[in-house]
Structure formats: C-alpha cells, structure tokens
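Below: one structure, written as structure tokens.
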Amino acid sequence: MYRAEHRALRELHATGRQLAGHWWRLGDRLGEPAARALQDGAAVARALVTELAKQTAERGLHGFPAAQTVGSRLAGLRNTAADLVLERNQALRLAVLDAEHVATLLEYLAALADKRGDEPLAAFHHHWRDEIAAARDAVRHAAVALADDPDDAIRPAESSLLGRAGHGAATALGTVGEAIDGSPVGKAARKVTKN
C-alpha cells in the first residue's frame, strides 16, 4: 500500500467520524426540515467508518484510537466554536462542504487503490463516495430550501444563550463591515484597488 494511501485512509477515519458527529449535532440544533437530511447523512458516515475499520483491519491498518479520536475532537471543536456564530443557512451550507471533502477523499483513495490493482478496495471507495455524495446532495437541497423562509434562514444555528450571543457578535461585525463598505472610506478603498 502506498504511504499516500495509508495516510488518506487514516484521514478518512477522522473525517468520516467528524462528519457523522457534526451532522448529527447540527441536525439536533436546526430541527426540521434540515434535521432529517443531516441525521440520515450522519448515519451514512457512521456506517462508512464502521465498514472502513473492517477494510483497513484486513490490510493491517487501524484507525482507532488515534485517527477516530482526532475526528471526534474535530467534530467537538466545530460544534462548539464555528457553528456558534453562524446563521442556520450558513451552518447548513458549510455542512455540505464537510461531505464534499469526504467524497473527494474517497475518490482519491479509489484512484490510489486502482493504481495498486486493489479492485475490491477501489470498489469500496466508489460505493461510499456515492453514498456520501447522495447524503451531501440531500443536505444541499435542505440548505436551498431554507430560502423558503428567509427570516428563519438567518436565525442563529445555535439557539443557546452562547449561540445567540455569538450570532449577535457576528451580525454586529457584519453590520460594521456593511457600513464601512458603503462609506466614503469604502469607496476610496475600492477606487485604490481598481488602479
């Protein structure tokens, strides 16, 4: 097995677990209609990690405890920090990128396995790429559907006091940025960058 493949498999353990944890918790936060797409996708990611552990163990590689623990920590950091300042639509659109990363990683791993002639492992990666891509598409559709209620779309992704405070701070910064962009200072800065 290529070193690049070994490293990417360990990364898949971490990012698959991160995807499952983040999407599950985000689904709890956002509620319907996004919750179903997120939590169904989280179940797909958990199944991927479970099956990946079997595939890698057969090849003498393991993703636990280190790689999966990293994924769990990444999910925790993302759940407690990044989502606190986001609107519902922003958190959901960024969640799509989590799945895009995993789908691309699976495509990369399939190409590496193909290059080595490991057709069963390449087929495994292609199968899970398709599963993750379907979950990604469902979350993308849920994100776009938030446009049906624009006021709801801009509510805080995290409804706790801390989430509302973080969202309020981010909104205040955005308002300041909009004021600067529309001011004579912003006009002068745009003029300078054009030249």
- Task: Sort the following peptides by mean Cβ neighbour count (other Cβ atoms within 10 Å, averaged over residues), highest first: 93-99, 148-154.
- Result: 93-99, 148-154
- Message: At 1.4 Å probe size, what's the solvent-accessible area of E51? Round to the nearest 10 Å².
- Response: 70
- Note on the structure: To the nearest Å², the heavy-atom accessible area per residue of the stretch 109-158 with 1.4 Å probe amounts to 52
- Item | chymotrypsin sites (Phe, Trp or Tyr not before Pro) restricted to the stretch 1-65 and DSSP loop, no more than 14 other C-beta within 10 Å | Y2
- Message: Give me the extension gain from A4 to T193: residue separation times 0.36 nm, minus the current Cα-Cα distance, reported in nm with one decimal.
- Response: 63.9 nm
- Message: Between D130 and A57, what is 0.36 nm times their sequence separation minus the Cα-Cα distance? Round to one decimal in nm.
- Response: 24.0 nm
- Task: Lys and Arg at +1, Asp and Glu at -1: add these up for the other residues within a Cβ distance under 13 Å of A35 and post the number.
- Result: +1
- Task: Over the Cα atoms of the stretch 1-50, compute the convex hull volume and normalise it per residue, giving Å³.
- Result: 56
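The values are calculated or read from the model by the stated rules, or taken from the named source; none is laboratory data. Keep in mind that this is a model prediction, so the values were computed, not measured. We place every Cβ from the backbone using ideal geometry, glycine too, and count neighbours over all the protein chains shown. Calculation scope for accessible area: heavy atoms of the full protein, side chains included, ligands and nucleic acids excluded. Shrake-Rupley method; radii C 1.70, N 1.55, O 1.52, S 1.80 Å.
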